[in-house]
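Before any comments, here is the structure.
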Amino acid sequence: MDDQTKILIQNHISANDVCLFMKGTPDQPQCGFSMTVSNILKMLEINFKGVNVLEDQSLRDGIKVFSDWPTIPQLYIKKEFIGGCDIIKEMYESGELKKLFDDKGINYKK
């Protein structure tokens with residue numbers, strides 16, 4: 001990964017309390033997994049930044065290197081990598097995701 005891509009990723013994560021690297025946009029997801037995570041965040045009325053990795057191949061490849069995680073989507077909360085679709089879905093169903101938002105001071109629909 002080049003420095004420019006790394007800086008771009010770090011800037012997105014630093015500038016947004018909740019940042020989702022996804023295929024497509026929150027309004028037009030381009031894969032089911034990205035849609036699932038985006039919809040969970042929307043249901044909780046989380047203010048989040050969706051970053052479309054399909055617009056830039058170096059970003060798409062770079063985020064996987066940056067997080068050492070092989071799949072997209074990837075969710076970051078307050079600069080911490082949380083996980084991909086299966087992890088977020090499991091955390092949502094168990095109530096862990098709401099607890100994490102509470103712990104991080106992120107407002108959501110209760």
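Only one of 62, 83, 24 is touching a residue at least 60 places away in the same chain (Cβ under 8 Å) and either under 18 Å from residue 12 (Cα atoms) or buried (at least 17 other Cβ atoms within 10 Å of the Cβ) (or both). Can you tell me which?
Values: 83 fails: touching a residue at least 60 places away in the same chain (Cβ under 8 Å); 24 fails: touching a residue at least 60 places away in the same chain (Cβ under 8 Å).
Checking each option against the conditions leaves just 62.
Inside the range 27-59, can you point out the residues that are among the aliphatic types (A, V, I, L, M) and either surrounded by fewer than 17 Cβ atoms within 10 Å (Cβ to Cβ) or modelled with pLDDT under 95 (or both)? Step through it out loud before you land on a result.
To start, the set of residues in the range 27-59 that are among the aliphatic types (A, V, I, L, M) comprises 35, 37, 40-41, 43-44, 46, 51, 53-54, 59.
Across the range 27-59, the qualifying residues are 43, 54.
From the residues in the range 27-40 that are in a helix (DSSP H, G or I) and free of Cβ contacts under 8 Å to residues at least 12 places away in the same chain, which one is farthest from residue 80 (Cα to Cα)? Break it down stepwise before answering.
Kept after step one, since they are in a helix (DSSP H, G or I), are these residues of the range 27-40: 32-40.
Pick out the ones that are also free of Cβ contacts under 8 Å to residues at least 12 places away in the same chain and you get 32, 35, 39.
Working: 32: 23, 35: 21, 39: 20 Å.
For the range 27-40, the residue satisfying everything is 32.
Say whether the condition of being of a type in the set (Val, Ile, Thr) and touching a His at 6+ places or on another chain (Cβ under 9 Å) is met by at least one residue in the range 24-33. So that I can check it myself, show each step before the final result.
First pass over the range 24-33, keeping only residues of a type in the set (Val, Ile, Thr): 25.
Next, only the ones that are touching a His at 6+ places or on another chain (Cβ under 9 Å) stay: none.
No, the range 24-33 contains no residue that is of a type in the set (Val, Ile, Thr) and touching a His at 6+ places or on another chain (Cβ under 9 Å).
Mind counting the residues in the range 41-59 that are closer than 18 Å to residue 97 by Cβ, without any contact (Cβ under 8 Å) to a residue 40 or more places away in the chain and not in a helix (DSSP H, G or I)?
First, pick out the residues of the range 41-59 that are closer than 18 Å to residue 97 by Cβ: 41-50.
Cutting the leftovers down to without any contact (Cβ under 8 Å) to a residue 40 or more places away in the chain gives us 41-42, 48-50.
Remaining after also requiring not in a helix (DSSP H, G or I): 48-50.
Of the residues in the range 41-59, 3 are closer than 18 Å to residue 97 by Cβ, without any contact (Cβ under 8 Å) to a residue 40 or more places away in the chain and not in a helix (DSSP H, G or I).
I need a count of the residues in the range 63-110 that are more than 21 Å from residue 1 (Cβ to Cβ), aromatic (Phe, Trp, Tyr) and in a loop (DSSP other than H, G, I, E, B).
1
The values are calculated or read from the model by the stated rules, or taken from the named source; none is laboratory data. Being a predicted model, the structure only gives us computed values, none of them experimental. No Cβ is skipped: glycine too gets one built from the backbone with ideal geometry, and neighbour counts run over all protein chains shown.
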